[in-house]
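S.K.: Below is one structure. I have some questions about it.
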Amino acid sequence: MGAATVFEQLGLIGAAYAAPVTGGLGAGFHEDDPVTPASVMKIQVALTVESLIADGSLDGSSRRWMRGEDRTPGPVGISLMHDDVSMSVRDLVVAMLTVSDNVATDELIRVVGLGEINGTTRRLGM
């Protein structure tokens with residue numbers, strides 16, 4: 001039974017596609033369907049933040065405060081915290097990539113700006 005069938009039987013909507021990094025044909029299901037790019041964008045955000053930390057333009061240990069009333073609602077991570085949260089920039093990257101934390105993503109976008117993220121995306125040909 002293929003993944004598309006399992007998704008259908010569970011009443012879920014999903015898409016997937018995988019291809020060799022070295023090039024060549026890939027395989028997937030619903031790979032041409034439009035998707036919400038929120039979690040996909042987290043890769044570009046992480047690449048931008050980590051590149052700026054690596055070249056010394058951004059201090060990864062700098063602290064960011066996220067007040068409870070200002071946070072994006074969600075089912076995981078910082079959005080579930082009751083009190084104000086302080087984390088370093090590099091720890092926000094960890095939260096964003098490991099639990100797909102949207103609050104961490106929003107804060108990192110505020111730190112570096114969409115223009116910088118779009119520049120990274122263009123430079124990498126993404």
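The values are calculated or read from the model by the stated rules, or taken from the named source; none is laboratory data. This is a predicted model, so every value here is computed, not measured. Reconstructed Cβ throughout: ideal geometry from the backbone, glycine too, with neighbour counts over all protein chains shown. The protein model used for the area step is the full one, side chains on, heavy atoms only, and it has no ligands, DNA or RNA in it. Shrake-Rupley method; radii C 1.70, N 1.55, O 1.52, S 1.80 Å.
S.K.: Could you tell me which residue of segment 59-99 is nearest to VAL111 (Cα to Cα), considering only residues that are assigned to a helix (DSSP H, G or I) and not hydrophobic (A, V, I, L, M, F, W, C)? I'd like the intermediate steps shown before the answer.
M.R.: Within segment 59-99, the subset assigned to a helix (DSSP H, G or I) is 68-70, 77-80, 89-98.
Keeping just the survivors that are not hydrophobic (A, V, I, L, M, F, W, C) gives 68-70, 77, 79, 90-91, 98.
Working: GLY68: 18, GLU69: 19, ASP70: 15, GLY77: 19, SER79: 18, ARG90: 11, ASP91: 13, THR98: 19 Å.
Among those residues, the one meeting the criterion is ARG90.
S.K.: Looking at SER79, SER39, SER61, which is the one that is of a type in the set (Gly, Ala, Ser), within 17 Å of the chain's Cα centre (by Cα) and open to solvent by 40 Å² or more (accessible area, probe 1.4 Å)? I'd like the intermediate steps shown before the answer.
M.R.: Values: SER79 fails: open to solvent by 40 Å² or more (accessible area, probe 1.4 Å); SER61 fails: within 17 Å of the chain's Cα centre (by Cα).
One residue alone meets the criteria, SER39.
S.K.: From the set of residues in segment 30-58 that are in a helix (DSSP H, G or I) and more than 16 Å from THR120 (Cβ to Cβ), which is modelled with the lowest pLDDT? Please lay out each step first, then the result.
M.R.: Just the residues of segment 30-58 that are in a helix (DSSP H, G or I), to begin with: 38-54.
If we keep only those that are more than 16 Å from THR120 (Cβ to Cβ) as well, we get 38-39.
Values: ALA38: 58, SER39: 78.
Per the criteria, the residue is ALA38.
S.K.: How about segment 91-117: which of its residues are out of contact with any helix residue (DSSP H, G or I) (no Cβ under 8 Å at 6 or more places or on another chain) and of a type outside the set (A, V, I, L, M)?
M.R.: The answer is ASP91, THR98, ASP106, ARG110, GLY113, GLY115.
S.K.: Report, by residue number, each residue of segment 1-29 that is at pLDDT below 75 and open to solvent by less than 60 Å² (accessible area, probe 1.4 Å).
M.R.: Within segment 1-29, ALA3, ALA4 meet the criteria.
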